[in-house]
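Enquirer: One structure, pasted below without further comment.
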Amino acid sequence: MSYDKVTQAKDRLLIGLKQTEKAMKAGQVSQIVIASDIDSAMRLKLVNLANELMIPYEMVDSNKRLGKACGIEVGTAVVAIRQ
């Protein structure tokens, strides 16, 4: 489900941890999608930030599939969908 959402929002994506965190703090994000197979500390940091900023998030099972859904050849821990 979330992979389809990412694929459909390709023109509004921010890919990767640093870009996503920056955009979240700037209030430019409507939702994030987090890969559940990333480092647990990184995952917890993203979930806590999303909860703190009241940004909805979804978890997907694979960073590699998330990267492919974004149209890149490598995996990604997180993707933000801009407003």
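Each reported figure results from applying straightforward, stated rules to the coordinates on display, with no laboratory input. Computed from a predicted structure; not experimentally measured. Counting neighbours? That spans all protein chains shown, and the Cβs are built from the backbone with ideal geometry, glycine included.
Enquirer: Within 10 Å, count the other beta carbons around each residue, average over each peptide in 44-51, 64-71, and list them highest first.
Expert: Sorting 44-51, 64-71 by mean packing, highest first, produces 64-71, 44-51.
Enquirer: Please give, to one decimal in nm, the separation of the simple spin-label points placed at LYS18 and ASP4, each 7 Å out from Cα toward the Cβ.
Expert: In this crude label model, LYS18 to ASP4 measures out at 3.5 nm.
Enquirer: Label the chain by shape, choosing from rounded, prolate and oblate, from the square roots a ≥ b ≥ c of the eigenvalues of the Cα gyration tensor; if a/c is under 1.5 it is rounded, and otherwise prolate applies when a/b is larger than b/c, oblate when it is not.
Expert: It is oblate, given that a/c is not under 1.5 and a/b is not larger than b/c.
Enquirer: All other residues with a Cβ under 15 Å from the Cβ of ALA26 taken together, and with Lys, Arg as +1 and Asp, Glu as -1, what is their net charge?
Expert: Taking every Cβ under 15 Å from that of ALA26, the sum is +3.
Enquirer: Work out from phi, with θ = phi - 60° and the Karplus expression 6.51 cos²θ - 1.76 cosθ + 1.60, the ³J(HN,Hα) of each residue of region 28-36, listed in order in whole Hz, and give x for Gly and Pro.
Expert: Those phi angles translate into 9, 10, 9, 6, 10, 10, 10, 7, 6 Hz.
Enquirer: A follow-up question, please. Rank ALA23, ASN63, VAL47 by how far each Cα sits towards the positive end of the charge dipole of the chain (+1 on Lys, Arg Cβ; -1 on Asp, Glu Cβ) and give me just the farthest.
Expert: Working it through, the farthest residue towards the positive pole turns out to be ALA23.
Enquirer: Sticking with this one: Considering only DSSP beta bridges whose two residues both sit in the chain, what percent are antiparallel, to the nearest 5?
Expert: Counting DSSP beta bridges with both partners in the chain, the antiparallel share is about 65 percent.
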